[in-house]
1. Could you give the length gained by full extension between residue 250 and residue 305, i.e. 0.36 nm per residue of separation minus their alpha carbon distance, to one decimal place?
2. For the stretch 213-325, what relative contact order do you get, as a whole percent, if you take Cα pairs closer than 8 Å and at least 6 residues apart?
3. Using only C-alpha positions, report the orientation-averaged shadow area of the convex hull of the stretch 213-325, nm², one decimal.
4. Given a Förster distance of 25 Å, report the FRET efficiency between residue 199 and residue 174 from their Cβ-Cβ distance, rounded to the nearest 0.05.
């Protein structure tokens, strides 16, 4: 039997050096409140290695595991996690983590929930934004990114959090952006906070061109001819509802074009929510994908030309997920739709994470010199 030769010491040393260089080339990141993994996917596409993620939702965690197998997923309440123990488990030291990122629950910050800002709502989950502070004190990451609804931008808790960042030696910036300006085929306004240790980060420049509904879903086969469970899930609708759907003009049409006599009785009594039973336009970004995205009674969620609401797969692709991203459908269509609607669009995350990645690369180069 021929004995396999062991690599020389010099080769082993080179291999170890290469591994360290590769690790440095992909700085580490932790995704707090990870949901089904939109932010993690964006961070990976921006060149980060997502080493850990946290969430409590079982359905979202099942989806996350199916798509991010190399990431340590902690399915537990973030308040029960000891950051110091996690840092040891990950083999990291203080200051080594490249990015701490996340999207804390936003229910109480929503403009719809707060009646367009006219009423403050006490929402205990809003204080979860301060969980970032616990992790920052221990890990002292090189950078921080927080995403949320625009309502958080003017909240006193965010001002307090930014004060904490400043006291810890971080410089931060905050703004509200439309995801459609950053490679997402969807209009979705979100607040982004970026922070870096010792230097003020800059937001990414908008993409050179916007993506449309056509660019995202036009090449998908009809749901009836595919075995994709996220795409082929027929919905039974009442005959009078199907009649209205068939009459909505193609490519951006609205129920208002049918005249008042063709409206459902509940719609005649309400002067708002005018996008209900509306069609998406092929050559524009879609409206915001929400948890009701597969229900035409929840918004402009009809397919541009087929007489149906968009499918879960189409909703996910309008969020920016790839066609092969797997979603756990064990709880049914509507919980899956809620999970997709809550996701952080990966391309949106990637654009801003790349600017932080650039700062980290400069930091590492300065250390080498």
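1. Contour length minus the Cα-Cα distance gives 19.3 nm.
2. 29
3. If you wrap the Cα atoms of the stretch 213-325 in a convex hull and average its projections, you get 7.0 nm².
4. 0.95
Computed from the coordinates by the stated procedures, all read-outs in this text should not be read as laboratory data. Treat the numbers as computed from the prediction; the structure is a model and nothing was measured. Quick reminder, even Gly has a Cβ in these numbers, built from the backbone with ideal geometry, and neighbours come from all protein chains shown.
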